[in-house]
Every structure is written in structure tokens, then in C-alpha cells.
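Laboratory data are not the source of any read-out in this text; all were calculated from the coordinates shown. These figures come from a predicted structure and were not determined experimentally. FYI the Cβ positions are ideal-geometry reconstructions off the backbone, even for glycines, and counts take in every protein chain you see.
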């Protein structure tokens, strides 16, 4: 198995002695790695701390290993997998940066602008009617000249 890069969290591949094997990056706590890998049907290798092998690899092991790679990625984890197990190769760093920028822009476009007020102002400007007022002398009952 290859050495881990600082950005990846798991490596899943073939091991000459243990078949399909997995290991976690040193930066990932061991209990977290164990929690994920045991649920994906990996078992610890005796006398090899941090190394896990796929349990019962003769029972559709290749498909189960590919599914494990997929499931870990769905959880948002970064996986380095051998070519035969990798159904979706991990994007390169520039591709991930572009994707992160597009995600930020999409969220900003979908969000409501903080400059727009959602509540009316405390003292709204008065609204004047566009109807002209009648002269006071022509109104009935005002004591004007038309009595």
C-alpha cells in the first residue's frame, strides 16, 4: 500500500499478504477509523496496528471494497484507492478548489442579501393621495356663496 498524502484520510487497496486492505491517515483518530472500517466489513489485522483487511474477501470482495470507497466518499472523507477499486477518481487539488469556489458562489447567489430589509422601516414616509381637494367654497354645508 502507498504512503498517505496529508489531504487524504483513508487508503484502500490490495495488499500482497492480506488481500483487500485499508488503513487510515495518522491524523485521523484511531477510534474514528476503526468505527468506519468495521462498519464497512473490514477487520483488524493481528500484529499490524492501523491495518484492516476486508472480511471474507471471497464473498464478492471487489464489489464490497468498491462500495466501501463510495460510502466513505459520500460521508465527505477523502479516499486514496487503487485503480481497480476506484469507481470515481478523487479530483485533483485545482479541481477541488474550483468546485469549492463554485459552491460558495452558488450559496451566495441563493442567499438573501443582508442589504435588503425584511421588516418595514419604523417611520415610513407619508403617502399622499393624488386626488385634488375640492375648493372649500364649493362644498355644501360650508356656508359658502351657494346657499
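Listing 71, 86 from the residue with the fewest other Cβ atoms within 10 Å to the one with the most, what is the order?
71, 86
Whole Å is fine, so just give me how far the alpha carbon centre of the range 69-111 lies from that of the range 13-28.
That distance is 21 Å.
What order do you get for 43, 95 when you list them from fewest to most C-beta neighbours inside 10 Å?
Starting with the residue having the fewest Cβ neighbours, the order is 95, 43.
Can you bin the range 15-75 into rounded, prolate or oblate? Criterion: square roots of the alpha carbon gyration tensor eigenvalues sorted a ≥ b ≥ c, rounded for a/c under 1.5, prolate for a/b above b/c, oblate for the rest.
Judged from the Cα gyration tensor, the range 15-75 comes out oblate (a/c at least 1.5, b/c at or above a/b).
If we count other beta carbons within 10 Å of each Cβ, what is the order of 112, 66, 101, 48, fewest first?
112, 101, 48, 66
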